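> I have a structure I would like to understand better, so I am pasting it below and will then ask my questions one at a time.
Please treat every number below as a calculation from the coordinates, not as lab data. On a predicted model such as this, the values are computed, not experimentally measured, just so you know. Cβ sites come from the backbone with ideal geometry, for glycine too, and all protein chains shown count toward neighbours.
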Amino acid sequence: MKVNTFIVGAPKAGTTSLHYYLSNHANVSMSTVKEPNFFSSTEVSSLYYDSKSVDNTKNYHSLFTENKKIMGEASVSYLFYENVPKRIHDYNEDAKVIIMLRDPLERALSHYLMDCRLGFCNLSLEDIISNKEKYPQFFQQFLELGLYNSQLERYLSVFGKDRVKIIFYSDFKTKTAQIMNEITDFLDIEKLDIDFTIQNPFLSPSSTVISYFYKFNWIRKSIKFLLSKKSLELVKRTVFLKKNKPVFSNELKFKIRAFYLADIEKLESLLEVDLSRWKKE
């Protein structure tokens, strides 16, 4: 058995929803851990997320409970790191790769908000952008992960266009059924007939104590393991507040747009698509 389908990123671009949808397919076995980071374990180990990677083949394969036509996983760290495409190809040269791209400004803001919500970051995004040498990991995770061109070049070079499916988050969000049909066609499996509702409200911890403990990965996983789905939803409603997302200044958004402009233009040429919507407010 070999894993043959990889959702490699980008972070905050709908990969969790796609993993869930595919896990409902009769001919698909998705990993029981959504992000095993098997092919990026070395790089991920140095990050601040306290993520535990699967670092040997036996444990990696044990994440797949059934042997089906499509054996898939979704580790968003795979897109950014330079050596991952070759590692995946060396493991399975016939693998198919799905890449989901989101407007890099929206992605950066969403990633920053997530890390603040999880208690990993208490700095302003303005400070991080102005002091990237002082906060290199934050700058990497929030800004550099959105420099898609070189990341896609690596996958297209290693796997070829026929084995790489590129999805835009805006299409995935507004035309989910259509995009899912494209994905099942790409994977050569039957179409899915399920509810494709994407629900992801902005949640914020209701106290600083909850924010502190929630940043520990083992605590979050333990809660998910111990509680039923119904109980988990109750806990979320109790300890998290549904809030309006913070408002970022136009000046900050303009600065981030400028950071991405040259890369977006290269990506337009690489993919032969119009990404003008990513260049303006």
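> When you count, for each residue, the other Cβ atoms within 10 Å and take the mean per peptide, how do 178-188, 100-110 rank with the highest first?
100-110, 178-188
> With a sphere of radius 10 Å drawn around the Cβ of V97, what net charge do the other residues whose Cβ falls strictly inside it have (Lys, Arg +1; Asp, Glu -1)?
That works out to +3.
> Further question on the same structure: May I ask you to compute the full-extension gain from S276 to Y48, defined as 0.36 nm times their residue separation minus their alpha-carbon distance, rounded to one decimal in nm?
Using 0.36 nm per residue and subtracting the Cα-Cα distance, I get 78.7 nm.
> Which entries in the list K69/K165; K175/K266; K86/K175; K96/K161; K2/K34 go over 21 Å, if you measure between the two C-alpha atoms of each?
K175/K266; K86/K175
> From the alpha carbon gyration tensor of segment 20-143, can you work out the equivalent ellipsoid semi-axes (sqrt of 5 times each eigenvalue) and give them in Å, largest to smallest?
With the √(5λ) rule applied to segment 20-143, the semi-axes are 30, 16, 14 Å.
> How about K52: which aspartates and glutamates have a C-alpha closer than 19 Å to its C-alpha, ignoring those fewer than 8 places off in the same chain?
E35, E43, E73, D115
> Quick check: residue separation of E251 and M1 times 0.36 nm, minus the Cα distance between them. What number comes out in nm?
84.9 nm
> What list of ³J(HN,Hα) values in whole Hz, one per residue of segment 76-82 in order, does the Karplus curve 6.51 cos²θ - 1.76 cosθ + 1.60 (θ = phi - 60°) give from phi, with Gly and Pro shown as x?
6, 6, 5, 6, 7, 7, 4
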